[in-house]
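**Q** Can you keep this structure in mind? I'll have questions shortly.
The values are calculated or read from the model by the stated rules, or taken from the named source; none is laboratory data. The model shown is predicted, which means the values in this text are computed figures rather than measured ones. Don't worry about glycine lacking a Cβ; one is built from the backbone with ideal geometry, like all the others, and counts go over all protein chains shown. Note: areas computed on protein heavy atoms with side chains; ligands, DNA, RNA excluded. Shrake-Rupley method; radii C 1.70, N 1.55, O 1.52, S 1.80 Å.
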Amino acid sequence: MLKKEILHSVKVTAISIFGFIIVSCQGEEDPVIPVIEELPEETNPVDETPEEVTYLLPDIDLSHWKVTLPIGRPTEVYPPEILNYAESDLLKPFMYNDSIDGSLVFYTYPGASTANSSYSRSELRELMDPDDLSKNWTFAEGGKMKGTLALDEISKESDGDYHRTIVMQIHGRLSNDQRDMIGAKDNNAPPILKIYWHKGYIRVKSKYLKDKNATLQEMLHTDAWGDDAGYNFDTYVGFDPFTLEIIASTGKMEIILNESETYVIENEDMQKWGVFENYFKAGNYLASKDEGSFAKVKYYELEVQH
């Protein structure tokens, strides 16, 4: 009997404890189980930025050049206006960038010409002092011009041969005193050097003094000088880029093609030429007045040293 009572008491106690545990658990807040959402697999974002375009520009400082155009009487553009050629409506038809190959293009056709020529040009003229055309250089002072260029397009003559164009020059100039001495109307003197693109070759033309005994005053006249026979470099440049360098010094001119072929003019005529001032020219001076003729010359680099 006692045994049954004890067992009964144990059961009651166990039930009470179990009930207490249940009640206690029900009295607490249920724990929050976080919901983990599956994220989509990471993908590389599509780059919608357009492909970068590279624009090439010529390596030419125009702060000491003016340009003559085949329009007007003709038209000349000086610094600082020439520096903005890419934005100039006046210049853009004749002088513009080719941003694909990084060249400065000079385009010309028969049109307006200068007072001492019958041909037209889109050509640069060196300005040692942009504010003073009277400041030039002599052979004794010396000068160097080097350019990388190419003939881009040129028209043909009726016989199918290409026209020719002058791409570089050394032009003579009378000082003001010399002009007044011979009573000239301007400071013009002959070009002592013309370099042509001629049928795909580079042709050099210079001058000689007709009378080696001419006085100083006599040799200042343009007609005192004649054209020499000229010289053709052996290399065929065609329409590919090439390098030309001109080095002028006392009694001497040196013309270098592609840093490998050299032609030197060094004689009494060059010594006599020392009386003149000079300036460099570069660009496109078309030697044709044929209807429909034209030329495009590209310059990639151009520099002058004195």
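**Q** Just checking, does the range 236-254 include any residue being open to solvent by 30 Å² or more (accessible area, probe 1.4 Å), in a strand (DSSP E or B), aromatic (Phe, Trp, Tyr) and closer than 27 Å to Ser113 by Cα? So that I can check it myself, show each step before the final result.
**A** Taking the range 236-254 first, the residues open to solvent by 30 Å² or more (accessible area, probe 1.4 Å) are 236, 239-241, 245, 247, 249-250, 252, 254.
Filter again for in a strand (DSSP E or B), leaving 236, 245, 247, 249, 252, 254.
Then keep just the ones that are aromatic (Phe, Trp, Tyr); that gives 236.
From what's left, closer than 27 Å to Ser113 by Cα: none.
Within the range 236-254, none of the residues are open to solvent by 30 Å² or more (accessible area, probe 1.4 Å), in a strand (DSSP E or B), aromatic (Phe, Trp, Tyr) and closer than 27 Å to Ser113 by Cα.
**Q** Any chance you could count how many residues in the range 68-124 are within 19 Å of Lys289 (Cα to Cα) and not in a loop (DSSP other than H, G, I, E, B)?
**A** Adding up the residues that qualify gives 9.
**Q** Taking the stated definitions as given, is Tyr109 among the aromatic types (Phe, Trp, Tyr), within 18 Å of the chain's Cα centre (by Cα) and open to solvent by 60 Å² or more (accessible area, probe 1.4 Å)?
**A** Numbers: among the aromatic types (Phe, Trp, Tyr): yes; within 18 Å of the chain's Cα centre (by Cα): no; open to solvent by 60 Å² or more (accessible area, probe 1.4 Å): yes.
No; evaluated as a whole, the condition is false for this residue.
**Q** Which members of the range 141-166 meet the condition of being open to solvent by 60 Å² or more (accessible area, probe 1.4 Å) and over 25 Å from Thr108 (Cβ atoms)?
**A** Hits for the range 141-166 are Glu141, Lys144.
**Q** Just for strands (runs of 3 or more DSSP E) wholly inside the range 133-235: which have at least 3 residues that are in contact (Cβ under 8 Å) with a residue 24 or more places away in the chain and closer than 16 Å to Ser117 by Cα? Walk me through how you get there before you give the answer.
**A** Values: elements: 143-154, 165-173, 188-198, 201-209, 225-227.
Of the strands (runs of 3 or more DSSP E) lying wholly inside the range 133-235, those with at least 3 residues that are in contact (Cβ under 8 Å) with a residue 24 or more places away in the chain and closer than 16 Å to Ser117 by Cα span 165-173, 188-198.
**Q** With the requirement that a residue be surrounded by fewer than 16 Cβ atoms within 10 Å (Cβ to Cβ) and of a type in the set (A, V, I, L, M, F, W, C), what does the range 167-208 give you?
**A** Here is the first cut: in the range 167-208, the residues surrounded by fewer than 16 Cβ atoms within 10 Å (Cβ to Cβ) are 176-177, 180-186, 199-200.
Within the range 167-208, Met181, Ile182, Ala184 qualify.
**Q** Give the residue that is least open to solvent (accessible area, probe 1.4 Å), with candidates limited to residues of the range 60-91 that are without any contact (Cβ under 8 Å) to a residue 40 or more places away in the chain and within 14 Å of the chain's Cα centre (by Cα).
**A** Top of the filtered list is Ile82.
**Q** Scanning for something touching an Asp or Glu at 6+ places or on another chain (Cβ under 7 Å), modelled with pLDDT of 95 or more, surrounded by fewer than 18 Cβ atoms within 10 Å (Cβ to Cβ) and farther than 21 Å from Tyr96 by Cα, does the range 131-140 turn up at least one residue?
**A** yes
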